[in-house]
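Here's the structure, in structure tokens; my notes come after.
The values are calculated or read from the model by the stated rules, or taken from the named source; none is laboratory data. Computed from a predicted structure; not experimentally measured. Virtual Cβ from ideal backbone geometry, glycine too; neighbours counted across all protein chains shown.
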Amino acid sequence: MRTPDLPADDLAALPGLAAFGRTATRLHPRPGTVTAADSHVGGPLRWPADEPWPVCAHPRVVSEDVPLPQDLLDRLAAAERGRTQHNIITDEEFVLLEELAALVGPGFSGYGSMNGGPTVGHRYVSRPHDNPMLAVAQLRAADVPDLPTPGGADLLQVLWCPFDHAQDEEQVWGPTIRLVWRREADVTGPLATPPASAVGEDHYTPRPCRLHPEQIVEYPYPQELPEPLRGQADKHPDYVNTFMAPGWKVGGYAKWQLSDLLPTPCRVCAGPTRLMLVIDSGEGTEDARWRPVEEAGVDPGSLGYDADEPTGVVVGRWGALRVFMCPTCPGAPFRLDQQ
Ligand SMILES: [Zn+2]
Ligand SMILES: [Zn+2]
């Protein structure tokens with residue numbers, strides 16, 4: 001697939017920006033039939049039958065409802081009626097809310113009623129599990145020009161556990177990730193039949209998609225640019241959407257719209273990591289800037305899937321899960337960021 005060219009005027013308007021261009025490979029996943037021999041999202045992996053399948057042992061987090069005594073709810077309602085300003089809680093309410101939180105217990109996250117049902121408390125609790133991980137993507141260096149090749153590997157396999165996990169070190173709430181790098185030529189025998197992964201969150205089960213990789217050039221998030229370019233980029237009416245690709249991609253630059261720019265040092269050597277992979281909730285196809293030219297005239301309603309969410313994967317609040325990899329440490333350690 002091919003992304004429309006960046007209008008020459010856009011680059012000319014930011015003198016010096018061209019020097020910061022970096023290649024990225026847009027993966028352009030689209031639903032289709034895939035095999036273990038292909039690069040794909042959500043398909044079978046080229047995985048040796050005699051090699052153990054990865055298992056997630058990180059506790060998953062589930063939301064639980066806790067019944068609340070009517071007496072407490074009645075007292076809370078009475079205290080609320082005593083407010084002198086409707087949006088400011090009273091001291092009495094505050095004490096009752098503390099009582100409610102203590103009753104719900106650790107992980108308290110609020111209370112409320114769904115669809116007219118009883119008012120219940122909510123809490124997050126960790127549940128240990130040993131869950132076979134789910135294949136998310138397989139990327140061949142032969143297909144994806146920006147894929148790193150640590151230790152001579154030419155195949156990346158991405159697996160995750162399709163539940164929410166509190167990953168404190170990464171400050172990521174979502175699936176746990178495993179990356180496996182190999183050489184295709186090393187896998188000569190029969191392939192593994194993956195053990196069934198427990199069905200987790202719907203939107204963590206990718207729809208099998210063929211990839212249509214395309215190498216493009218993109219440009220840094222404004223905060224990564226030196227002055228005066230940064231100031232000029234900040235003044236651009238639509239810099240990020242013009243210069244930075246949406247969707248699943250390998251390489252390129254990360255957007256930092258939620259957190260502002262954060263350091264992503266390698267946890268092993270403390271040196272700089274590089275953006276290696278983005279797993280995105282949307283492909284940006286609703287925007288003519290990024291809609292592949294092949295799909296320019298296609299009626300989205302005719303596709304049979306949401307044109308902007310071909311993989312069905314949604315991470316965070318319709319955000320992107322980004323994998324940053326150390327380019328120098330053996331074993332290619334990585335870290336995550338989600339926004
Ligand atoms: Zn898990
Ligand atoms: Zn390192």
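Some observations on this one:
- Of the strands (runs of 3 or more DSSP E) lying entirely inside region 1-120, those containing at least 1 residues that are within 16 Å of ligand 1 (Cβ to nearest atom) span 60-67.
- Residues (charged (D, E, K, R), outside any loop (DSSP other than H, G, I, E, B) and at pLDDT 95 or above) located in region 144-190: Arg178, Arg182, Glu184, Asp186
To keep it simple, each residue is scored yes or no on (1) surrounded by fewer than 18 Cβ atoms within 10 Å (Cβ to Cβ); (2) of a type outside the set (D, E, K, R); (3) more than 16 Å from ligand 2 (Cβ to nearest atom); (4) not assigned by TED's automatic domain parsing to the domain that holds Val293.
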position: Leu155; (1), (2), (3), (4): no, yes, yes, no
position: Trp160; (1), (2), (3), (4): no, yes, yes, no
position: Asp164; (1), (2), (3), (4): no, no, yes, no
position: Val180; (1), (2), (3), (4): yes, yes, yes, no
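- Residue in region 256-275 that is out of contact with any helix residue (DSSP H, G or I) (no Cβ under 8 Å at 6 or more places or on another chain), touching a residue at least 40 places away in the same chain (Cβ under 8 Å) and of a type in the set (D, E, K, R) present: yes
- Leading residue by the ranking (nearest to Ile279 (Cα to Cα)) among those in region 314-327 that are out of contact with any Leu (no Cβ under 9 Å at 6 or more places or on another chain) and in contact (Cβ under 8 Å) with a residue 60 or more places away in the chain: Ala320
- Residue ID - surrounded by the most Cβ atoms within 10 Å (Cβ to Cβ), chosen from residues in region 254-311 that are acidic (Asp, Glu) and assigned to a loop (DSSP other than H, G, I, E, B): Glu283
- For region 210-219, the criterion of being among the hydroxyl-bearing types (Ser, Thr, Tyr) and either surrounded by fewer than 18 Cβ atoms within 10 Å (Cβ to Cβ) or under 14 Å from the mean Cα position of the chain (by Cα) (or both) is met by no residue.
- Condition met for Tyr111 (of a type in the set (Phe, Trp, Tyr), within 30 Å of Pro206 (Cβ to Cβ) and surrounded by 13 or more Cβ atoms within 10 Å (Cβ to Cβ)): no
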